Structures are given as C-alpha cells and as structure tokens.
Amino acid sequence: DQSGSMRKTDTSEGATRADVVWLALALNFISSRIKKGESTATDLFSLVSMGDIGNILISQQPTDWILFNKIIDLLRNSIPLGDGNYIPSLDSAENLLNVNPYGSCSLLLIFLSDGRPSDRLKKNTILVSDMMIGLQKIVSARVANLASFFGRRLTVGAIALGSSSVGDNFSTLKSIAETAQEYGSQSYFHSASLSAEALCHTFSTLSSTLSQTKSELTQLGSNNWCDESFANQNLQYVRAILSLKNTISV
C-alpha cells in the first residue's frame, strides 16, 4: 500500500507506516531467508505498489542481495501519496503470477494495506447500493479466479497494518483471505498492528508456509503431471473469466 495514509508516524517505533513495511520486508522476508538458506536466486520476487495505479516497482528479481538493496532504496526514496486502489494493483499482480506456467512452483501473493480500498467504481459496475460492498465483491471474485486456477500451490496472505479500534477497515482484506481458502488455495489473514516486530512475525509465518508448499510440490509432481494439471487449470480459468465478464464490468 503506497497511499497517503502510509505516511502516518503512529507506529510503535515512531517511524512512518511505509518505513516499517520496507524495513520488515528487507530484514525479515529478504535478508533473513537468504542467510538461513530458505531462499535462493531461483526464487523470484515482484513488488506492485497499491496506489493510483498498479505500478510494478520490482519485476521477477531473484532473491539475493541486489533485491535487498532495491528494497532499501525504496525505503529511502519512495513517498506514499494519493489513493490505495486494489483493482489496478491486482491486475498487475495477476499478470506477474501468470508468467509462471510450471505446476511444480509454489506461489505467494501478499496483500498489505492499512485500510480499505480507495477504488471508485462506475454506478453500473455492480448491482448493489453500497459501493464498498460492491468493490469487495469484485476483488473477491478476482481472488476466487486466481485460487481456482493455481490451487494449493498459491498461498494468499492478507496483512492488515493498523488497528480496527482506531477506525481502520479491514473487511476487504479479510474477505480476500476467506475467498482464497474457499476456492482451493492456502490463505492467512494477519493483523500486524502498528509495529515492526508484529509485521516481522507475520512475514516469518508466510515464509514458513511458502517453504512448506515448496517441499510438498517438489515431492508431488513429475513434469508430465504438471503440464497436464496446468492445461486443465488454464481451461477452467478461461471459462471463469468469460463468465465473470458477463456479470461484472470493471
């Protein structure tokens, strides 16, 4: 999330919300996993900013010290600004996920935000009176398609940075996790509160899940099984997209 609210300096460490995220990402999710041997250069990392558009800040970068330095550069130079739109960010993330056709590769998709989406929908987009409910339905439908397509090799993490007691709304993040699990993927919703320590713990949990999924897929699949599985999933995915376009227009 790179919306303006991420500039708030209300974390327990006194840093901005955005800075806490960059630090936890660099030190816990990147550096720690490299040092422990849990991640290598064959593990690719992409980063999409959740702002006015779904800007791809990092694309398919091997998990190495170059990636670590890129995250530190973002800590130093990025400035959260404007809205935090979910749908364009989800468009970019979906395109990145679809680059990998191999059924033996585990995937981790993390949504991290400090509040509800800022997307503005057209009045005829969906037949509900509440705009936020309509947006949540659209996001959930997109996540359902991804979960149906990738199955258990996809883990979806929804990280809420903040506290519902101070007015932050995390209903869409919760819906993302619930929908992913309902449609066949592993998923977790974590409320990380406003501290680097809590966020680091959340990243550690998701890292462990990713490592476990990688081990399971390595033991399960032969190349022939992966190719057939991918072909069947691709057909189901195309049908789901066509069906969705008949009911929802984004």
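The convex hull drawn around the Cα atoms of segment 139-198, when projected onto a plane and averaged over every direction, covers 4.2 nm². Find how many whole Å separate the alpha carbon centroid of segment 140-216 from the alpha carbon centroid of segment 1-19. That distance is 20 Å. With 21 Å as the limit, the listed pairs K137/K174; K70/K174; K137/K214 have K70/K174; K137/K214 beyond it between alpha carbons. If Lys and Arg each add +1 and Asp and Glu each add -1, what is the summed charge of the other residues whose beta carbon sits under 14 Å from the beta carbon of Q2? So the environment of Q2 carries a net charge of -2. For L154, the residues 5 or more places off, or on other chains, whose built amide H falls under 5 Å of its own are L107, Q186. Over every Cα atom in segment 6-149, the radius of gyration and the widest Cα-Cα span, Dmax, amount to 16.8, 51 Å.
Solvent exposure of segment 1-129, expressed per residue, is 50 Å² of accessible area, with all protein chains present and a 1.4 angstrom probe.
The values are calculated or read from the model by the stated rules, or taken from the named source; none is laboratory data. Quantities reported herein were computed from a predicted structural model and do not represent experimental measurements. All Cβ positions, even for glycine, are placed from backbone atoms using ideal geometry, and neighbour counts span all protein chains on display. Keep in mind that these areas ignore ligands, DNA and RNA; they rest on the heavy atoms of the full protein, side chains included. Shrake-Rupley method; radii C 1.70, N 1.55, O 1.52, S 1.80 Å.
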